[in-house]
Amino acid sequence: MLNINDVTKVFNRGNINEKVALNSLSLHLAPGDVVAVIGSNGAGKSTLLNIAAGVFPIDKGEIILEEMPVQKDAEHIRAAYIGRVFQDPALGTAASMTIEENLILALKRGQKLRLWPGTGKERRELFRRRLEPLGLGLENRLATKVGLLSGGQRQALTVIMATIVPPKLLLLDEHTAALDPKTGKAVLELSEQIIAEEQLTTLMVTHNMEQALRVGNRTIMMHEGRIILDINGEERKDMQVSDLLQMFERASGKSLVNDRMLLSS
Amino acid sequence: MSLAFLPGALEQGLLWGPMVLGVYLTFRVLDFPDLTVDSCFTLGAATTARLILLDYNPLVATLIALVIGALAGLITGLLHTKLKIAPLLAGILTMIGLYSINLRVMGAANLSLLRIDTLITWIEDTGIGDELATVALGLVICLFILAFVYFFLQTELGLAVRATGDNEQMIRSLGINTNTTKVIGLALGNALCALSGALVAQYQSYADIGMGIGMIIVGLASVIIGETLIGSRGLLQALIAATVGSVIYRVIIAAVLQMGLPSTDLKILTALIVTLALAFPIMRGRFTGISSFTKRGEGRAEHQ
């Protein structure tokens, strides 16, 4: 499905601020894999998502999505088969445009845009159908500007937008971290439900250890641009957060806990 | 004070209307401070005047000016997207370059169209009266352009252009090449600007190398005046506001001129109007005691 082979990414090469964000990293995802990515700040989690999405080019290695090498494709080309939800709810939607207009653009992800209005009865029905299960009443507010919605509503809308055309790969970048716990939980449940229904292959970065063990079928832990732990199957089932922390210390020789993790677990 | 200036201000406001809609497109919709506008306005005037003097049909000359204007926007767009030159600088580069081009097109610093057939004289010849002729022409063109822009911004492509100005990262993650949408927006905005130049040259019966100086500020002043007085809740309202703002701006200028200010002081007057209009939300907050910060934030969310 997704094969990231021996990928290296260095920022500010040759500069005093040189930073090896990914160090010969390899990762293979089977179809339907839902992988939680954890690690301390600066471990390379977000960089991993960004090189998968094509936000910046890689220095070495290859990225293969369903047999196709994509490492040379620009972000907007890869977007045809990759759905993304960002940490900041403001990043996933256009504030000055209506819910319907945002959804139209999401529905056309990776397709040629027409010089004709994107509205229509059929599409409106589809949008209502997709928004209704959220229980937020957004299905009756299609003409409302997204800027008037709350952060949680916007993030829920972003999840719908990222999956309204089922992507081959879904990237979730700490997408509940900026929300209050209750809203975050609701958005996470919504994401899990859609992932299960559409059997989406997913990479989810999180700072929440509970989440990392409970969501999906596999947990990987990153440290200094490498994957130091890859846990799945039986081993993962009975694992506790404390076990995970111990494993990290053994594998990296450092303590994983930082303020955000203490607060979020 | 005599109100004799009102018909003239209405004429001018309508003829400059497409330019204001163009500035609205680049500045507000695309969020791209495009200074090409200044020279592009002159380019439209120069192209039309020269072509009419070469015996081209005035309508054809006007349409060619529109296409040439789009090319000017295209150049700014390519400078920015392909060569990664900052928006302001990309616009200035095209603007400076066009100054020489405009002189070449005209072959002189100004061209006179006196006693030559233009779009304006055509309509005057139908016998509806000189003043009504210009107002009718301006109104028809403004309404047509307004309807076209309103339609375009709601097409799928238009939505992508709007989203590019709103949230570039989001629209790229949805598979849109923002380089393309930026170039389209700039080409369209500058085409409208050149159209205004073409109309104004025929209205004044001359084209002059300096006629576009400060046009970006005139456009901005009109957009802001319209937004402040009429509002910009919906897309249609914002577009109408920009067009009406263009007329109101001309009324203000004409009124002040009539009070005895020399026309050489127009530029500082325009600068003051824009400053006042830009500062209006903050000053209103000061006076009413409401935090100007939230006011402006709401304005941003409301706009378009």
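Read the figures in this text as sums done on the coordinates, not as results from a lab. Keep in mind that this is a model prediction, so the values were computed, not measured. Using ideal geometry, Cβ is built from the backbone for each residue, glycine included, and neighbour counts are taken over all protein chains shown.
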(request) Just the number, please: percent antiparallel of the DSSP beta bridges in the protein assembly as shown, rounded to the nearest 5. (result) 60 percent
(request) Treat each spin label as a single point 7 Å out from the Cα along the C-beta direction, and report the residue A:13 to residue A:88 distance in nm. (result) 2.8 nm
(message) If you average the C-alpha positions of segment A:1-79 and of segment B:78-151 separately, how far apart do those two centres end up, in angstrom?
(response) 49 Å
(request) Report, in debye and to the nearest 20, how large the dipole of segment B:9-302 comes out about its Cα centre when Lys and Arg carry +1 and Asp and Glu carry -1 on their Cβ. (result) 940 debye
(request) Rounded to the nearest 500, what is the 222 nm mean residue ellipticity of the protein assembly as shown from helices alone, with -39500 (n - 2.57) per DSSP H run of 4+ residues and division by all residues? (result) -18000 deg cm²/dmol
(request) For segment A:1-130, count all C-alpha to C-alpha pairs, find those more than 25 Å apart, and express that count as a whole percent of the total. (result) 39 percent
(message) Ratio of alpha-carbon Rg to the 2.2 N^0.38 Å globular estimate for segment B:80-233, to two decimals, please.
(response) 1.25
(message) Using the Kirkwood formula on the Cα atoms of segment B:9-302, what hydrodynamic radius do you get, in angstrom to one decimal?
(response) 19.4 Å
(request) Evaluate peptide B:159-171: per residue, the Cβ atoms of other protein chains within 10 Å of its Cβ; return the mean as an integer. (result) 6
(message) Sorting check: for B:235-241, B:166-172, A:33-39, A:119-125, which peptide has the highest mean count of neighbouring beta carbons within 10 Å, and how do the rest follow?
(response) A:33-39, B:166-172, B:235-241, A:119-125
(request) Beta carbons within 10 angstrom, averaged per residue: use that to sort the peptides A:178-191, B:104-117, A:229-242, highest first. (result) A:178-191, B:104-117, A:229-242
(message) Given the options B:224, B:109, B:57, identify the residue whose Cα lies farthest towards the positive end of the charge dipole of segment B:9-302 (+1 on Cβ of Lys, Arg; -1 on Cβ of Asp, Glu).
(response) B:224
(request) Please turn the phi angles of segment B:221-234 into ³J(HN,Hα) values with the Karplus equation 6.51 cos²θ - 1.76 cosθ + 1.60 (θ = phi - 60°), one per residue in order, whole Hz, x for glycine and proline. (result) 4, 4, 4, 5, 4, x, 4, 6, 8, 10, x, 9, 5, x
(request) Could you name the aspartates and glutamates whose alpha carbon sits less than 14 Å from that of residue A:121, not counting residues in the same chain fewer than 8 places away? (result) A:100, A:101, A:139
(request) Kindly put B:196, A:46, B:246 in sequence by how many other C-beta atoms sit within 10 Å of each C-beta, fewest to most. (result) A:46, B:246, B:196
(request) Shielding by partners for A:95-102, please: the mean number of other protein chain Cβ atoms within 10 Å of each residue's Cβ. (result) 6
(request) For residue A:60, list long-range residues whose amide hydrogen, built 1.01 Å from N in the peptide plane, is under 5 Å from its own amide hydrogen. (result) A:8
(request) Would you work out the relative contact order for chain B, in percent, from Cα pairs under 8 angstrom that are 6 or more residues apart? (result) 33 percent
(message) If you consider only alpha-carbon coordinates, what radius of gyration and Dmax does the protein assembly as shown have, in Å?
(response) 28.2, 93
(request) May I ask you to order B:266-279, A:93-106 by the average number of other C-beta atoms within 10 Å around their residues, highest value first? (result) A:93-106, B:266-279
(request) Consider just the alpha-carbon atoms of chain A and return their Rg together with their Dmax, both in angstrom. (result) 18.9, 59
(request) Mind checking which of B:121, A:206, A:195 is farthest towards the positive end of the protein assembly as shown's charge dipole, using Cβ charges of +1 (Lys, Arg) and -1 (Asp, Glu) about the Cα centre? (result) A:206
(request) Could you work out how far the C-alpha centroid of segment B:209-266 sits from that of segment A:184-236, in angstrom? (result) 55 Å
(message) For residue B:150, project a label point 7 Å along Cα to C-beta. Then give me every residue of segment A:95-115 with its amide nitrogen under 19 Å of that point.
(response) A:97-98, A:101
(request) Enumerate the calculated ³J(HN,Hα) couplings along segment B:165-177 in order (Karplus 6.51 cos²θ - 1.76 cosθ + 1.60, θ = phi - 60°), each rounded to whole Hz, writing x wherever the residue is Gly or Pro. (result) x, 8, 7, 4, 4, 5, 6, 5, 5, 9, x, 9, 7
(request) Give me a single rounded figure for A:85-91: the average over its residues of other chain Cβ atoms within 10 Å of their Cβ. (result) 2
(message) Apply the Karplus curve 6.51 cos²θ - 1.76 cosθ + 1.60, θ = phi - 60°, to the phi angles in segment B:82-87 and return the couplings in whole Hz, x for Gly and Pro.
(response) 8, 9, 6, 7, 4, x
(message) Suppose every Lys and Arg Cβ carries +1 and every Asp and Glu Cβ carries -1, with no other charges. What dipole size does the protein assembly as shown come out with about its Cα centre, to the nearest 20 debye?
(response) 380 debye
(message) Taking amide H atoms as placed 1.01 Å from N in the peptide plane, list the residues 5 or more away in sequence, or in a different chain, whose amide H sits under 5 Å from that of residue A:228.
(response) A:221, A:222, A:223
